[in-house]
1. At least 3 residues that are more than 44 Å from the chain's Cα centre (by Cα), under 30 Å from Asp645 (Cβ atoms) and modelled with pLDDT of 85 or more in each: list the strands (runs of 3 or more DSSP E) lying fully within segment 485-597 that qualify.
2. For segment 79-99, which residues satisfy the criterion of being assigned to a strand (DSSP E or B) and without any contact (Cβ under 8 Å) to a residue 12 or more places away in the chain?
3. Restricting segment 250-266 to residues that are over 21 Å from Leu202 (Cα atoms) and open to solvent by less than 30 Å² (accessible area, probe 1.4 Å), which is nearest to the chain's Cα centre (by Cα)?
4. If we keep just the residues of segment 38-65 that are buried (at least 17 other Cβ atoms within 10 Å of the Cβ) and in contact with an Asp or Glu (Cβ under 7 Å, 6 or more places away or on another chain), which is farthest from Gln109 (Cα to Cα)?
5. Output the residues belonging to segment 556-605 that are open to solvent by 50 Å² or more (accessible area, probe 1.4 Å) and of a type in the set (Asp, Glu).
6. Which residues, taken from segment 219-266, are farther than 21 Å from Glu398 by Cα, part of a helix (DSSP H, G or I) and free of Cβ contacts under 8 Å to residues at least 24 places away in the same chain?
7. Specify the residue that is farthest from Ala260 (Cα to Cα); the eligible residues are those in segment 270-308 that are open to solvent by 20 Å² or more (accessible area, probe 1.4 Å) and in contact with a strand residue (DSSP E or B) (Cβ under 6 Å, 6 or more places away or on another chain).
8. If Tyr35 satisfies all but one of (1) crowded, with 17+ Cβ neighbours inside 10 Å; (2) more than 20 Å from Ala5 (Cα to Cα), what's the number of the condition it fails?
Amino acid sequence: MISGAADHLAALVARAAQAPIGLIYFLDGDRLRRYGAFGPADTAAADSLAGIVARTGAPLIITGTGTDPRGPGGQPGAYLGRPVRNETGDVLGICCAVDREPRDWTAGQIAAVDEAAQVSTLLITEQLDRHEVDRQRRFLDAVLDSLHDGVTACDADGTIVLVNARMRRLWGSATEPADVTGDAAIEGFFDGIGSPLKRDDLALFRALQGEHLRDQELVLKAPNGHTRYYLIDAQPILGPDGDTLGAVQAVQDVTRRKRAERFRTCELAVTTALAEAPSIEAAGPRVLEAVVSTLDWTHAELWLVDDTAGVIRAAARWSAAGRQADMSVPPDLTYGHGLAGRAWQVGKPLWIRDVGQPQSLISEETAATGRLHTALAIPVRHGLEPLGVLTAFADTVEDPEDEVVALMSGIAAHIGQFVEGRLVEDLQRQLARSENEYLALVGHEMRTPLTAISAYTEILRESDPAVLAADGPAMLEVIERNTAQLRHIIDELLALSALDTGHVTVQTTPVDLAEAVREAVGCTNAAIDGSPLSLDADLPDALVVPGDRRLLRQIVDNLLGNAVKYSPDGGRISVSLRPAGRTAELIVSDTGIGVAPEEREKLFNRLYRSSKVRDRAIPGTGLGLALSRAVVHRHHGTIELAERDGPGTTVVVRLPLDPR
């Protein structure tokens, strides 16, 4: 070691000067640093005297430091110091001998120190060069570590000799290669078209062969499933004679830029799919395919809220190639259940880092079957109105990313606008159809009783007293019956309009629904007494629900009235009421003409009448079920036409039970 050589030189100086102490110093800028030492040196006294030599650049000979004004006062001793100079005469350091007692220095001793100073020139020059090299290396390391690009360099043999901090972060958990020929140098790396990288394809290796590379694409697929994208510049390092000393490469992480480009492509694909599709069910698979491929995830689903049934239904789903058979998704989810139902409930994005954990919103069985980990759910809404939920799943554990949430939120917004637009178009078509149906209603259902009333009124006006006495009561009965029919139609129209506009106040009180149904059944039995119809009821003693008794009774009357109207002779009508979980379930069934499956939901549209009813010319307004649904919704319940094995119709009404 150089410091050991400097100590030996200091020992030689001490022996040549026949002094107990020898010291070698070098100048590091403006600072004087101890380089070599021999003997029990008095640091403070020797250092101060060496400083005088460094400042003056002249030899310093003191025979008695205690009395010499240049020496430290009160400290007896002797000092012999010589400057160490380079070829240009600049002072590089100090070479000196120190004695603790006053003494005279002989000419031989002075000459010996001079010779030692000349020998010290080589050692001090080398030390200063080492300091300069170390300083430059530290400066270079600081510069390289501050770069946003990763930098790697190798020597002429391909051995990695330099890796900056950014490059180590880019490698992450990947093994840092020792040279450009090892397996670690290509492990997990792919070129821009997705082919596994070979040694000869490595930018650093190619630069070592003399190539200058710019913007070479590189893809790293890490063991954790994450994919990173890089651009690489590389070139050889040439010596003064043109020989290749090594190679260097600069690596820029462009993953964010690539992701931004993919996100823009995804949004374009979603916009195109929605623009070209007639319905969200048709557009859904293309939208979800764009999501899955962009995020490089596994599976995505689109759920739409069915307010009528009180559930959220799967409208579309898409899985990555080879994963369709792995997924097990329920057709419907209730409010607050499952990932989609929970996102519907909370109304904000949900990021589940690992659905396999016990606290997840998906069952462990589903997570294990689908080998899923990360899940993301984004509510689909238009304004504040919830329309559905967009969900996506990855087969790796992913930490929350604002960019992914922003992308999915943007897609959900596009879907919300599309769904709302289609709803508006459907409403416009329904309004146009309603205008025609209202005209048909006025032209038929209302004109028929009006015609009868007008005709019989004219007959009464023109009849003589004898005819009036004989036929008048019967004619008045016909007029009264048709007037009641008109009043019923008008009352239903007004009631439905009031419910739609919110002008009806629901007087919520505890209502014994069993008692209300029992009364309606009694009235219906009285009305069909003597007819070839049977009505059976299975009712509890009491079943209390919060609601408006008058409106709830109106629902039961409407359902029983429809069952009687559409049941042929010999038909059977059944009514049951029972608690079902937290709801009261009212079921009204008949063995009548029934409804085609594709028309069940349409029957709840105002003025809609089934094809079977129209074919048989059975009178009616098509308002009863629409009015019933409006009332049920105001009571936070549901009403639907259930499937049946045999002929007839089954209507199921569910109303919340009184929590008390």
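1. Qualifying strands (runs of 3 or more DSSP E): 534-538, 572-580, 583-590.
2. none
3. Among them, the one singled out is Phe263.
4. Selected residue: Phe38.
5. Scanning segment 556-605 gives Asp557, Asp569, Glu598, Glu601.
6. Across segment 219-266, the qualifying residue is only Arg264.
7. In this case the residue turns out to be Asp306.
8. Every condition holds for Tyr35 apart from (2).
The values are calculated or read from the model by the stated rules, or taken from the named source; none is laboratory data. Only a predicted model underlies this, so the values are computations on that prediction, with no experimental measurement involved. Neighbour counts are summed over all protein chains in view; Cβ atoms, including those assigned to glycine, are modelled from backbone coordinates with ideal geometry. Calculation scope for accessible area: heavy atoms of the full protein, side chains included, ligands and nucleic acids excluded. Shrake-Rupley method; radii C 1.70, N 1.55, O 1.52, S 1.80 Å.
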